[in-house]
1. Can you find even one residue in region 22-44 that is acidic (D, E), modelled with pLDDT of 95 or more, under 30 Å from L99 (Cβ atoms) and out of contact with any Ser or Thr (no Cβ under 8 Å at 6 or more places or on another chain)?
2. If you scan region 52-85, which residues turn out to be among the β-branched types (V, I, T) and out of contact with any strand residue (DSSP E or B) (no Cβ under 6 Å at 6 or more places or on another chain)?
3. Can you tell me how many residues in region 14-27 are in contact with a Pro (Cβ under 8 Å, 6 or more places away or on another chain) and surrounded by 12 or more Cβ atoms within 10 Å (Cβ to Cβ)?
4. Only residues that are among the hydroxyl-bearing types (S, T, Y), more than 14 Å from the chain's Cα centre (by Cα) and within 21 Å of V51 (Cα to Cα): list them for region 1-37, please.
5. Mind checking which residues of region 8-20 are touching a residue at least 24 places away in the same chain (Cβ under 8 Å) and not acidic (D, E)?
6. Step by step: first the residues of region 65-102, then only those that are among the acidic types (D, E) and surrounded by fewer than 10 Cβ atoms within 10 Å (Cβ to Cβ), then the one that is farthest from E48 (Cα to Cα). Which residue is that?
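The values are calculated or read from the model by the stated rules, or taken from the named source; none is laboratory data. If you're wondering where the values come from, they're calculated on a predicted model, not measured in any experiment. Please note: Cβ atoms are built from the backbone with ideal geometry, for glycine as well, and neighbour counts cover all protein chains shown.
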Amino acid sequence: MQRLKEAAEKAKIELSSAQQTDVNLPYITADATGPKHMNIKVTRAKLESLVEDLVNRSIEPLKVALQDAGLSVSDIDDVILVGGQTRMPMVNKLRRKLLNSLVKSRVKMLTRTKL
């Protein structure tokens, strides 16, 4: 399972800058007929379709947080995005849509090594 998780993470990272990637896991399992290998192509479109609901569910908490803080988008000077998924083009497109272009050039992305 760890190899599968690592391969999925690698594919997600690659799909942030590529339209397609290969996931190749030899000897992922075995049955009575012998070892089984996994070799599939994953597209950015497929990944986006898999995470679309999760990404869309992040909209309401953002709106609630702004409302609770008594702020509007125009009050925001900087945005700090944390986590690997924030590098996905789909997430950045949504961020630009929700936060307009006010902050598009001042986005900071933090990784674990910078935290």
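1. No, region 22-44 contains no residue that is acidic (D, E), modelled with pLDDT of 95 or more, under 30 Å from L99 (Cβ atoms) and out of contact with any Ser or Thr (no Cβ under 8 Å at 6 or more places or on another chain).
2. Taking region 52-85 as the starting set, the residues that turn out to be among the β-branched types (V, I, T) are 55, 59, 64, 73, 76, 79-80, 82.
Those that are among the β-branched types (V, I, T) and out of contact with any strand residue (DSSP E or B) (no Cβ under 6 Å at 6 or more places or on another chain): V55, I59, V64, V73, I76.
3. First pass over region 14-27, keeping only residues in contact with a Pro (Cβ under 8 Å, 6 or more places away or on another chain): 16, 26-27.
Narrowing further to those that are surrounded by 12 or more Cβ atoms within 10 Å (Cβ to Cβ): 16.
Result for region 14-27: 1.
4. Looking only at region 1-37, we keep the residues that are among the hydroxyl-bearing types (S, T, Y), and these are 16-17, 21, 27, 29, 33.
Still in the running and more than 14 Å from the chain's Cα centre (by Cα): 21, 27, 29, 33.
T21, the sole residue that qualifies.
5. A11, K12, I13, L15, S16, A18, Q19, Q20
6. Here is the first cut: in region 65-102, the residues among the acidic types (D, E) are 68, 75, 77-78.
Now narrow it down to the ones that are surrounded by fewer than 10 Cβ atoms within 10 Å (Cβ to Cβ): 68, 77-78.
Working: D68: 30, D77: 28, D78: 26 Å.
Here the residue is D68.
Listed here are the residues, each with its yes/no results for (1) more than 22 Å from M1 (Cα to Cα); (2) touching a residue at least 60 places away in the same chain (Cβ under 8 Å); (3) touching a Cys at 6+ places or on another chain (Cβ under 6 Å); (4) in a helix (DSSP H, G or I).
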{"position": "D22", "(1), (2), (3), (4)": "no, no, no, no"}
{"position": "A30", "(1), (2), (3), (4)": "no, no, no, no"}
{"position": "V42", "(1), (2), (3), (4)": "no, no, no, no"}
{"position": "E48", "(1), (2), (3), (4)": "yes, no, no, yes"}
{"position": "V64", "(1), (2), (3), (4)": "yes, no, no, yes"}
{"position": "L71", "(1), (2), (3), (4)": "yes, no, no, no"}
{"position": "S74", "(1), (2), (3), (4)": "yes, no, no, yes"}
{"position": "I80", "(1), (2), (3), (4)": "yes, no, no, no"}
